[in-house]
Amino acid sequence: MSLVVDRPRRGQGLTATALLAPSTIFIALCLLAPLAMLLRYSLNEFVPTRKMMVEAVTIANYVKFFTDPYYTAILATTVRIAVTVTAACLVLAFPLAYVVARTQSRFKNLLIMAIVLPLFVGNAVRAAGWMVVFGSKGFFNTTMMGLGLIDKPIEIMFTEKAVVIGIIAVNLPFMVLSLQSVIEGIDRSVEEAAYSLGAPPATMFRRVLWPLALPGILAGTILCFILAMNAYATPFLLGGPLFKMMAPLIYNEFTQKTNWPFGGAIAFILMAVTLALTVSANLIIQRRGAR
Amino acid sequence: MARLEIRNLAKRYGDFYAVRDVSLSIEDGEFLVLLGPSGCGKTTTLRMVAGFIEPSAGEVRLGGQDVTLLPPWRRNAGMVFQSYALFPHLTVAQNVAFGLEMRKLARPDIERRVEEVLALVRLAGYGDRLPRQLSGGQQQRVALARALAIRPDVLLLDEPLSNLDAKLRQEVRVEIRELQKKLGLTTVMVTHDQEEALTMADRLVVMNEGSVRQVGNQRDLYERPADRFVAGFVGRSTFLDGTIEAPGRFTSDGGLRLACTDGAPGKATLALRPERVEIAAQPLSGLDNDLPGTVEFVSYLGAQIDIHVRLSPMDRLVVQIANREGGFAPEVGQQVHVGWPASAGLVFAQ
């Protein structure tokens, strides 16, 4: 990258400002301002008896979250599910992304469309679809029992399994697309060069394809992890009333309990944990890749 | 280094034969060039030798061992790719060391070999650079060093010079050839550039439409091309279509009566090398063929001049003359005589 940049002429600078201003203002008003307000709320006090927020500056809400095992367990579940989903997506998406990136077929665009197609259906609608499939009298169980493969319905609905499967289905296209675009940029003959130098496929993958695909792997895992950490509709609909993840919990605090300060605090904790885990995971992966 | 043998090799995609029935033996230390236009099957043949494409039929033997079904990573063939295919995330030294690490050599041996090979391609001291910090010519030499480091049984070069600029290409040709001779490398190179092929090869294989048209050294291909395709592809030729009336007598479709060497009676093509035809203002004496004509087009190429001469409404000939000071320099529209000995014309039955 060159550090020498032509000094833009005055007119160009003004045009750039004019073009960038709307998006900047939009982000400032619609993202930063609410975040700031939420941060302020999270430091307020809540009076349960009158269901009211009282102005204060206290970290009591944060302390409450981290000292109550009920809440920390929900955070642990959320992280566990997000990690599982992200890992599963990476493993499932890589071969698919590789095939799509390398195919010479004229149906390539159709293939990409097929991968993106699930995104045309909203998360809630899709989760409802999964409910039909997973229920004890759902499509999956009736088929398996009809075929005589199982005697009793397998409990999938309202378990962690259902939630994991549901979120994987939602996130997979994002991972595939991230990986596919980066694999497409890797010269095919680089793989062949590794083979001709004596590297079997697994070694070629580890020494050549993986490090070269790393930018896409990072982009895909970040996207997938963030989406999983913040999943709302899928855990709410497929996990059932007893299953708790962070996003439904926040919603519950705000709407059911009208506890805005605590809801705000949980929202900030979710954001901070997501950010911290994403950044540290990337640092680790990048350092290992650099070796 | 080893002997490479290709027997009845074929590659079929559906009904289309990319390569059909190719048999070649490349001797230990020989530099063989596969030459042909794009789509002639030369690259497919090379890739079957490397193991990237599985043949539909036939055999590849390397040093006496049948490697037809071995994957590329078990063949010990060093390959230099058209795009060089250097690992962009590894340094020059790491690129060169890659194949040695695959062979589980000890670290000190690897380091020594990397240094040796980099010195061989005149890149000593460049080990810590990344490929993108090097020029095209340097990257090409790293690719060569990487392929040589594994001490391959055969060196495969896939259009290795096509991404270099014209001047550098001429230098690298000589460099690769000298290195190949010094190390006694059995080498197969693929190219569509006939000049490149002629300067580098011990022996050439001209391919077209998936088949071998002729195998031979430079002189064989140029003086005795096996067919019309080779005559047109290696060097230049003007083709006159016509008929052999009797052995030694050719009549062009435009009605020219020409003396030629033998040939069976029937439809035939007479091929003439532009530099084997003489041109003068007056009739030429002592040549088997002497024809009047009109200069239609002159292209001045510096060292030489190409003159296109109309001999009949259907026959036009290209004559190449050396650009000498005070030499004959005909102009467009001028009446001239062209002539050649019967032995200069190559006859191909149609």
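Every number here is computed from the coordinates shown, using simple stated rules; none is lab data. On a predicted model such as this, the values are computed, not experimentally measured, just so you know. For neighbour counting, all protein chains shown are included, and Cβ atoms are generated from backbone atoms with ideal geometry for every residue, glycine included.
Per-residue Cβ counts within 10 Å, from other chains only, averaged over B:62-72: what number is that? Present the calculation step by step, with values, prior to reporting the outcome.
Values: counts 0, 0, 0, 0, 0, 0, 0, 0, 0, 3, 9.
Average neighbour count from other chains, rounded to a whole number: 1.
For region A:1-148, which semi-axes, largest first and in whole Å, follow from the square roots of 5 times the eigenvalues of its Cα gyration tensor? Numbers along the way, then the final one.
Numbers: eigenvalues 322, 281, 55 Å².
Ellipsoid half-lengths, sorted descending, are 40, 37, 17 Å.
With K and R counted +1 and D and E -1, the other residues having a Cβ less than 15 Å from that of A:TYR98 yield a net charge of 0. All distinct Cα pairs of region B:240-326 go into the 1/r average, and the inverse of that average, the Kirkwood radius, is 14.0 Å.
What do the square roots of 5 times the Cα gyration tensor eigenvalues come to for the protein assembly as shown, in whole Å, largest first, as semi-axes of the equivalent ellipsoid?
72, 29, 27
Histogrammed with a bin width of 10 Å, the alpha carbon distances of region B:4-229 distribute as 8, 33, 36, 19, 4, 0 percent, first bin at zero.
Within the listed set B:PHE233, B:PHE81, B:PHE297, the residue fluctuating most in the Gaussian network model of chain B (springs between alpha-carbon atoms under 10 angstrom) is B:PHE297. For region A:52-290, dividing the convex hull volume of the Cα atoms by the residue count gives 175 Å³ per residue.
As a ratio to 2.2 N^0.38 Å, the alpha-carbon radius of gyration computed for region B:73-206 takes the value 1.01.
Quick one: longest stretch of chain B between exposed loop GluC sites (Glu not before Pro), exposed meaning at most 15 other C-beta atoms within 10 Å and loop per DSSP? The answer is B:28-208. Rounded to the nearest 20 debye, the dipole magnitude of region A:52-290 is 300 debye, with +1 charges on Lys and Arg beta carbons, -1 on Asp and Glu beta carbons, and the Cα centre as origin. Here the protein assembly as shown is treated with +1 on each Lys and Arg Cβ and -1 on each Asp and Glu Cβ, and its dipole about the Cα centre works out to around 2520 debye. Which of the lysines could a cross-linker span from B:LYS11 if the Cα-Cα distance has to be under 28 Å and same-chain partners fewer than 8 positions apart are dropped? Candidates past the 8-residue exclusion: A:LYS108, B:LYS42.
Placing one equal scatterer on every Cα of region B:1-129 and applying the Debye formula, the log10 ratio I(q)/I(0) at q = 0.11, 0.21 Å⁻¹ is -0.50, -1.22. Each peptide in A:253-260, B:36-43 receives the mean, over its residues, of other Cβ atoms within 10 Å, and ordering these scores from highest gives B:36-43, A:253-260. Only lysines eight or more places from A:LYS152 in sequence, or on another chain, were considered; those with a Cα closer than 28 Å are A:LYS137, A:LYS161, A:LYS244.
With a sphere of radius 13 Å drawn around the Cβ of B:GLN214, what net charge do the other residues whose Cβ falls strictly inside it have (Lys, Arg +1; Asp, Glu -1)?
Numbers: positive: B:ARG203, B:ARG213, B:ARG219, B:ARG224, B:ARG228; negative: B:ASP220, B:GLU223, B:ASP227.
Neighbourhood net charge equals +2.
Considering only B:THR191, B:THR243, B:THR45, the mean-square fluctuation computed in a Gaussian network model of chain B, springs between alpha carbons under 10 angstrom, is largest for B:THR243.
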